[in-house]
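What follows is one structure encoded as structure tokens, with my remarks underneath.
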């Protein structure tokens, strides 16, 4: 029996996959639990339309990420922070501070969850790098310059 999966099913397939299973497995487990629907002609047409729309949206998101990657590629962001004379920061610089500095200095709004520091936070003055994951295909590295406030 052919079915269309509505959710990921381990060892069977992923959402919106068209798979063949035994009749009893489909009727007694997958369909009653809401994990799948029968692959009728109308359901197959709806699946094709859903996949087409999803591909269009994914391409739109990918293009926006590509534009943003070109915009922020190899930027240097200066982060001012309070520090001791030895160069140790009072507190730390984390992804929130990086996102705020990007917004203030370059007017680029990026979610802090998409910014990754090599360590979770920076505790000393100096030059560092952060990776910004805009999309699964586009990862951009920005330079961070952590300097002391005067």
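Of note:
- Based on every Cα atom in the chain, Rg and the maximum pairwise Cα distance Dmax equal 24.0, 74 Å.
- Degrees separating the helix 95-106 axis from the principal Cα axis of the chain, which is the longest one: 70
- Computed lengthening from residue 40 to residue 84, 0.36 nm per intervening residue step minus Cα-Cα distance: 8.9 nm
- Modelled label positions at residue 131 and residue 118, each set 7 Å beyond Cα in the direction of Cβ, lie 1.2 nm from each other.
- Here is the tail figure for segment 69-148: Cα pairs spaced more than 21 Å apart come to 22 percent of all pairs.
- Quotient of the Cα radius of gyration of segment 4-90 and 2.2 N^0.38 Å, N being its number of residues: 2.03.
- The length gained on full extension between residue 106 and residue 67, counted as 0.36 nm times the residue separation minus their Cα-Cα distance, comes to 12.5 nm.
- The distance separating the Cα centre of segment 1-68 from that of segment 74-150 comes to 40 Å.
Laboratory data are not the source of any read-out in this text; all were calculated from the coordinates shown. The model shown is predicted, which means the values in this text are computed figures rather than measured ones. Counting neighbours? That spans all protein chains shown, and the Cβs are built from the backbone with ideal geometry, glycine included.
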